[in-house]
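Enquirer: Just dropping this structure here.
The values are calculated or read from the model by the stated rules, or taken from the named source; none is laboratory data. The shown structure was predicted, so the numbers you read here are calculated from the model rather than taken from an experiment. Cβ placement follows ideal geometry from the backbone for every residue including glycine, while neighbour counts extend to all protein chains displayed.
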Amino acid sequence: MDYTDELRNKFAQFLQPLGVSRNTYKNYLSDLLHFFDWTSSQGYSITPEGISQTLVPQFLALYRDHLISHSPVATANRRLSTIRKFCQFAYSQSILPSDPSANLTNISQPLSPQEAILGRFRSLLKSEGASIVTIKNYLSDARHYMQFSPDLNPDLTEYNAYLEKNFSPSTALRRISAVKKLVTFLSQSPTYELPTPPTPLPTPEPPLPEIVTSPSSPMPETTAPTPLLNLLDLPEPVLLHPSTPPPPSHRKFNPTFLIISGAIIVVLISIIIAYLLATNSSPQMLSPQSKSNSPNSPSSTRVLSPHSS
């Protein structure tokens, strides 16, 4: 039996008294197998004699970086929890002299594009056989360049001048070497480049007032209003939208219109009455002279005295 299979069986026996659910129990064993397979893919083997040299904090940090770039956050955190539980078990059973997972933390939030690039870059360095110290220095120098040039400009002239001015020659040479390797890695893996920041949306303009369209059928032309109608303060006609139902047949008249109309009617009636009265009385109206010459006038009648006979 392989030593990793023996460790998985012992770990399974360790979990049973803890009362974990069937699903949690299954995930623990599956995640531990995933860790052992990844360890083997990195060229390491877990043996009773070398397990304490393999399961060290730096090695577990590399596994965490692998999960960051290859697993969803929830899955990565579950597998990290399994590694912590396994290390506690190995330490309690004296398989390990100490717990190497004491500082192995979960991934608190989704990774930024820069951290995703660093995770891929770390995997590249590990695949090339770089030591843990070399990987640490490369990642530190890569982060320094990302702070200097967030858009990861491949032209390193300005950055090289900055390093020569502010750092020792050995530090400047090490950092420019690490950044050149990072730029080469990005040029060969364009899918890992930083996405361009989204263009801010333009400020929306205020909406235009709604335009009421006339019906599809042409409206009859109207003649110019008379001066009298202009003085009546009539409400302006409203163009109806085709979907708007026609207004009711009755309408409310403006009080001003009623008052002015009534006044005009009264004036017209008064003029008509006055005209009729003047027309009927004109034959009976005589001048003073005509009255005095009339035979029927009392002044023209002779009064005969008794002596006149």
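Enquirer: Would you check if there is a residue in the stretch 135-156 being of a type in the set (Val, Ile, Thr) and either surrounded by fewer than 15 Cβ atoms within 10 Å (Cβ to Cβ) or not in a helix (DSSP H, G or I) (or both)?
Expert: Taking every residue of the stretch 135-156 in turn, none turns out to be of a type in the set (Val, Ile, Thr) and either surrounded by fewer than 15 Cβ atoms within 10 Å (Cβ to Cβ) or not in a helix (DSSP H, G or I) (or both).
Enquirer: Select, from Arg84, Arg79, the only residue that is touching a His at 6+ places or on another chain (Cβ under 7 Å) and over 25 Å from Tyr138 (Cα atoms).
Expert: Arg79
Enquirer: For the subset of the stretch 60-99 comprising residues that are under 45 Å from the mean Cα position of the chain (by Cα) and part of a loop (DSSP other than H, G, I, E, B), which member is farthest from Gln42 (Cα to Cα)?
Expert: In this case the residue turns out to be Pro72.
Enquirer: Next question, about the same structure. Go over the candidates Leu194, Leu186, Leu182 one by one and state the one that is modelled with pLDDT under 55 and surrounded by 15 or more Cβ atoms within 10 Å (Cβ to Cβ).
Expert: Leu194
Enquirer: Quick one: how many residues across the stretch 43-73 are closer than 22 Å to Ile117 by Cβ and exposed (fewer than 14 other Cβ atoms within 10 Å of the Cβ)?
Expert: So the count comes out to 3.
Enquirer: Is it fair to say Leu182 is assigned by TED's automatic domain parsing to the domain that holds Ile51 and within 24 Å of His66 (Cα to Cα)?
Expert: Values: assigned by TED's automatic domain parsing to the domain that holds Ile51: no; within 24 Å of His66 (Cα to Cα): yes.
Against the criterion (assigned by TED's automatic domain parsing to the domain that holds Ile51 and within 24 Å of His66 (Cα to Cα)), Leu182 does not qualify.
Enquirer: In addition: Looking at the stretch 136-150, which of its residues are touching a residue at least 40 places away in the same chain (Cβ under 8 Å) and either assigned by TED's automatic domain parsing to the domain that holds Gln58 or farther than 19 Å from Gln58 by Cα (or both)?
Expert: Result: Pro150, single match.
Enquirer: Tell me yes or no: at least one residue of the stretch 43-60 is of a type in the set (D, E, K, R), outside the structural domain of Leu125 (by TED's automatic domain parsing) and more than 22 Å from Leu125 (Cβ to Cβ).
Expert: Yes; the residues of the stretch 43-60 include at least one that is of a type in the set (D, E, K, R), outside the structural domain of Leu125 (by TED's automatic domain parsing) and more than 22 Å from Leu125 (Cβ to Cβ).
Enquirer: Quick one: Thr82 ticks every box in (1) in contact (Cβ under 8 Å) with a residue 40 or more places away in the chain; (2) farther than 18 Å from Leu33 by Cα except a single one, so which number is it?
Expert: (2)
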